[in-house]
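Take a look at the structure below.
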Amino acid sequence: MASDELFGHPKGLYVCFFTEMWERFSFYGMKALLFLYLTKYHRFADGPSYDLLGAYGGLVYAVPVVGGLLADRYLGLRKAVVLGGVLLVLGHLGMALEGTEAQVVDGVVHRDERALQVFYLSLSLIIMGVGFLKPNISTIVGRLYAEDDPRRDSGFTIFYAGINVGGLFSSLVCGWLGETYGWRYGFGAAGVGMVAGLVMFLSLQRHLKGLAEAPDASVLQHKVAGVSFEHRLYAGAVLGVLGVWQVIQRGGAVQGAMHVVSALFIGWFGWFIVTQCTKVQREQMLALAALIMACLVFFSLYEQTYGSWVAFTDRMMTKRLVGFDLTAGALTFLGSFFIVAFAPLFAWLWPLLERAGVNPSKPTKSALGLMIAGLSFIPLWWAAKNVNEAQPLASVWWLVWAYVVLEVGESFISPIGLSAVTQLSVDRVVSLMMGAWFLATAYSEVIAAAFGKLTSVGEVDGAVPLAVAAAKYADSFQSMVWLGLGSGVVFLLLTKPISWGMHGVK
């Protein structure tokens, strides 16, 4: 075994694995609680809660376009990851300051507005932190492998398992603490996880072998009025936090900002592939764009797990699993549990199929992932259809089966897509294209929130009408089944032209 390898992969992979694991611990720990925190503690109605969930999710995946660009051009991947980690630590710790619980007096909700402003500021710090950390840590993984290295897909599958190891324990720890002992404990635990991730990255960065440094260190040191360009970039990030703080409180502004960013990116993309690419590079970039669109549809379905799935679980499902009484937030651990359980299988499966000459292409895997995601809604559709006054709670095992199917679909599409970004992008814009991957995910968050709002039910005398709510959940879940299956069939029909555009990239 080479001295710079461990278990057949570069040691830098495991640095990224554990850094991302702790970052995802903090991120998913907070996300498991967000919808429930808004509706139960601050007394937001379902609709505004879904709107804020979509605005937050949209921004947290749109900002990586900027974070990727700044890392590519100026900061370098390592410094961008460190900056993102610091912002994330501050944001998650700020979430622990919950303020006073909202009260309803004579039908009017009275909220702690000062605490809400701290809450919005904390979300803004997290958004900017993810924007600098998320695309660049993934890009580092791609740089650890040669373009034709057959270990690349397996490496990304292992890296993706790190994301879900963090998600697995965060949902159990943060979700359970937050709903059982107090929201501050759940959010505080998420902050401690992010501190661990930052310490991990700083202490082991030597294993990145210099692949994550700034493209030109002299540019960063150039001073204007005694202030280096690097420090001006950091100051710009702080101003970005303050801007997002205001934008996130206005859902329409978030969508408008995303449209502007998307228009700018599409304009740049068209200019770049026409004027800066060879014919092969242009076709590879277009193939990548198609795979990114598959990602958008998939995550529009997947993000229901933190919206309508959480709400349905909280209101209409039992929560006792294998002898343990859990909470709706804690049960989101099932997604990470099954993706971690499946990771060794798929890490072994893809090379085996490759050696046998029957490994599905990336476009085929994406199409299959979409169809499988659609099928994952069938157990919940069935559960919602059978909730009634005589049986007001469906079995939690329907949720378990839904997650089993969904995570098989995720194993097909998500780590493979991350690998495709690093393979099909032109080298000098790979971080920017990683940002585009997350921009598509941002739109999926907004779309997922719109789907979630279809299940919103107003309270009557402090309670959600059971029959009306169950019917809305059933109709929504049925629509998701057909969306997944239909889009999967469309992408399956497009697999050959996409594969041709990839020009031999596996």
If every Lys and Arg gets +1 and every Asp and Glu gets -1 at its Cβ, then about the Cα centre the range 8-502 yields a dipole, in debye to the nearest 20, of 980
Charge sum, other residues only, whose C-beta stays under 12 Å from S171's C-beta, Lys/Arg counted +1 and Asp/Glu -1:
+1
Long-range HN-HN contacts of A394 with modeled amide H, under 5 Å
M317, T318
Once you place label points 7 Å from the Cα toward the Cβ at K279 and A263, how far apart are they in nm?
3.5
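Calculated FRET efficiency, L349 and L466, Cβ-Cβ r, R0 45 Å, to nearest 0.05? Display every interim value, and only then the final one.
Numbers: r = 43 Å, r/R0 = 0.96.
E(calc), rounded to 0.05, equals 0.55.
To the nearest 20 Debye, how big is the dipole of the range 136-259 about its Cα centre, given +1 on the beta carbon of each Lys and Arg and -1 on that of each Asp and Glu? It would help to have the intermediate numbers written out before the result.
Details: 9 positive and 8 negative charges, 65 e Å.
Roughly 320 debye, rounded to the nearest 20.
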Ignoring chymotrypsin sites (Phe, Trp or Tyr not before Pro) buried by more than 16 other Cβ within 10 Å or outside DSSP loops, the longest site-free run in the chain is 182-506
What are the residues whose amide H is under 5 Å from the amide H of L321, where those residues sit 5 or more places off or on another chain and H is modelled from the backbone?
L326
Neighbour-count order for D72, D427, fewest beta carbons within 10 angstrom listed first
D427, D72
Excluding Q391 itself, calculate the net charge of residues whose Cβ lies under 15 Å from the Cβ of Q391, where each Lys or Arg counts +1 and each Asp or Glu counts -1.
+1
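Per DSSP H run of n ≥ 4, the term is -39500 (n - 2.57); total these for the chain, divide by its residue number, and report the mean residue ellipticity at 222 nm rounded to 500 deg cm²/dmol.
Working: 20 runs with 366 residues, N = 506.
Result for the chain, helices only: -24500 deg cm²/dmol.
Counting other beta carbons within 10 Å of each residue's own, what order do D325, D51 fall into, fewest first?
Ordered by Cβ neighbours within 10 Å, fewest first: D325, D51.
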Kyte-Doolittle mean at least 0.0 and Cα axial length at least 30 Å: DSSP H helices in the chain
11-40, 113-143, 183-204, 251-275, 279-302, 333-356, 396-424, 430-453, 466-493
Straight-line reach from K362: which lysines fall under 27 Å, measuring Cα to Cα and dropping same-chain residues less than 8 apart?
K11, K134, K279, K496, K506
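Taking the number of other C-beta atoms within 10 Å as the exposure measure, put M194, M480 in order starting with the fewest. Could you put the intermediate results ahead of the total?
Numbers: M194 30, M480 25.
Lowest to highest Cβ neighbour count: M480, M194.
Would you please classify the overall shape of the range 1-48 from the alpha carbon gyration tensor, given that a ≥ b ≥ c denote the square roots of the eigenvalues, rounded means a/c under 1.5, and beyond that prolate means a/b larger than b/c while oblate covers the rest? Walk me through the numbers before you get to the answer.
On the way: a/c = 7.43, a/b = 5.88, b/c = 1.26.
In terms of gyration-tensor shape, prolate.
We did not get these values from a lab; they are worked out from the coordinates using the rules stated. Quantities reported herein were computed from a predicted structural model and do not represent experimental measurements. Cβ atoms come from the backbone with ideal geometry, glycine included; neighbour counts cover every protein chain shown.
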